[in-house]
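Peer 1: So that we are looking at the same thing, I have put the structure below in structure tokens.
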Amino acid sequence: PFNIMFDTTRTPDEHDWVLCRTFKSKYDLAAKYPDLADKILAMAPASEYFNYGMDMFNSNKSDDIAVYEFIHNKTEALPEGRFMLFLDGDTVLQDMANPYPELPVFRISPRDVLGTSFGYSPMFPLLQVQDALNATYSAILSNQSAFAVQSIFVKRGSDISPKSLEGGLNIIEGNEKPEPINFTNTPAEVFNFAKTLETQMETISGVSSVTRGNPEASLRSGTALAMVQSTSLQYMSGLQQQYIRLMED
């Protein structure tokens, strides 16, 4: 998403132009375009590469620089279209008529946000439920992390030292019996609510326990398993259809 620029006011089938950014070795580019070799070799690595790179160990020692590819369809304003390959405002590698019959950039999206160029994922409705599930898990984990190691209550004057409570098989002498205090009693409603949220997400997404390889105990017959599996396949049909269209394009 950081490397494709387009007119966001157009729908996916209305685009006249697209601008793509890739990163290539400046030494390879200098060898391919010797007339511009001095300019190419003098260019520093593009800062965007390090801002959006997936590698946390990126350094400015990379030899890659940003290459921009602008493609414009044939229109009334540009009867021949336009294809331009450039590095910055002063370094143009190619500038010519558009050789493509259509924009050679193809989009895949399960669904569309109507009237825009942006896609809609069927996972979007799960975001709010996932936030609630995260908060529930966080409450459970916070309680377990803070109080999983039990504390021991000893009355004042019981004459019991902490050392006598260490390890096991100890003889504990004192005037009062020490008692463990259990702070980890998370209410059952919290665990039940987490299961409810998981079931809700499964219903919304259509990705059942059968698809995940962990079917419920109540689903024992092959017919029942097949029916539940078909629901997941139907849920994925939109993305599958768009993938097939992408491959055809």
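The values are calculated or read from the model by the stated rules, or taken from the named source; none is laboratory data. Nothing here was measured: the structure is a model prediction, and the numbers come from that model. Positions of Cβ are backbone-derived with ideal geometry, glycine not excepted, and every protein chain shown enters the neighbour counts. Quick note on the areas: whole protein, heavy atoms, side chains included, nothing else; ligands and nucleic acids left out. Shrake-Rupley method; radii C 1.70, N 1.55, O 1.52, S 1.80 Å.
Peer 1: Quick one: accessible surface of Lys74, probe radius 1.4 Å, all protein chains present, in square angstrom to the nearest 10.
Peer 2: Counting only protein heavy atoms, the figure is 130 Å².
Peer 1: Compute the distribution of all C-alpha to C-alpha distances in the stretch 1-49, in bins of 10 Å from 0, and list the percent of pairs in each, rounded to whole numbers.
Peer 2: Once binned at 10 Å, the Cα pair distances of the stretch 1-49 give 21, 35, 26, 18, 0.
Peer 1: What are the lysines whose alpha-carbon lies under 27 Å from the alpha-carbon of Lys24, with same-chain residues fewer than 8 places away excluded?
Peer 2: Answer for Lys24, where 27 Å is the Cα cut-off: Lys32, Lys39, Lys61, listed by chain and number.
Peer 1: Using modelled amide H (1.01 Å from N, peptide plane; none on Pro or chain starts), what sits under 5 Å from the amide H of Tyr120, excluding residues fewer than 5 places away?
Peer 2: Arg111, Asp112, Val113
Peer 1: Pulled fully out, how much extra length does the chain show between Lys32 and Ile181, if you take 0.36 nm times their separation in residues and subtract their Cα-Cα distance?
Peer 2: Result: 46.2 nm gained on full extension.
Peer 1: Can you give me the distance in nm between label points at Asp90 and Glu14, each placed 7 Å from the Cα along the Cα-to-Cβ direction?
Peer 2: Distance between the two pseudo-spin positions: 3.9 nm.
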